[in-house]
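The values are calculated or read from the model by the stated rules, or taken from the named source; none is laboratory data. Quantities reported herein were computed from a predicted structural model and do not represent experimental measurements. Using ideal geometry, Cβ is built from the backbone for each residue, glycine included, and neighbour counts are taken over all protein chains shown. With ligands, DNA and RNA removed, areas are computed over all heavy atoms of the protein, side chains included. Shrake-Rupley method; radii C 1.70, N 1.55, O 1.52, S 1.80 Å.
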Amino acid sequence: MTPEEVFRTLVHGVAAGRYAGLPDLYAEQTDVRHPMHPARPGPLRSRAELRAHFGDGGPDPAVRFEAVDIVVHQTADPEVIVGEFAYAGTAAATGETFHVPCVFVVRVRDGEIVESRDYVDHAAMAQVRERLAEPGATDAAS
């Protein structure tokens, strides 16, 4: 797969809750960082660490979302793309919507992610998950 195809498979897989297969998009040894995560976790450096990161859960029935507004920028390095997109969704119980912008800088070699910087507003996503479960809550992520 091309870097763009790998990126699109990743973000659509996250949105669909297909976590079990996502680690297979990464090289056995990789470097994945989440610079905007409030807990400032260390890098994920192996496929095994990514399996633990993604867990074995499936889609969250309380929140439906998808990757939208995807724009992929090619760089001078054919292994590296910059993907801009948003996770946009709806609370199943309330119908409330949200829109969380994201940017991923991804290096793909031989069809596998060897390096990624995932700029997601994790605090907004956590807030969305908490607030969307509350009837009458206002839009938390847009």
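Quick notes
- Label-zone membership for segment 33-51, site T75, 7 angstrom Cα→C-beta point, backbone N under 20 Å: 33-37, 43-46
- Segment 1-129: C-alpha gyration tensor shape, a/c 1.5 cut-off, then a/b vs b/c: prolate
- Gain on full extension, evaluated as 0.36 nm per residue between E28 and T94 minus their Cα-Cα distance, stands at 19.7 nm.
- Label-to-label distance, nm, for residues given as E84 and A126 (7 Å Cα→Cβ offset): 2.7
- Look at the dipole of segment 1-118 built from charges on Cβ: of V11, A48, A88, the Cα furthest out on the positive end belongs to A48.
- Under 5 Å between amide hydrogens, built in the peptide plane, is the criterion, and for G17 it picks out nothing among residues at least 5 positions away or on other chains.
- Within the accessible area of the chain (1.4 Å probe), percent carbon and sulfur: 53
- Dipole check for the chain: with +1 at the C-beta of Lys and Arg, -1 at the C-beta of Asp and Glu, and the Cα centre as origin, the magnitude is about 280 Debye.
- Other-chain or far-sequence residues with amide H under 5 Å of V114's (modelled H): A27, R107, V108, R109
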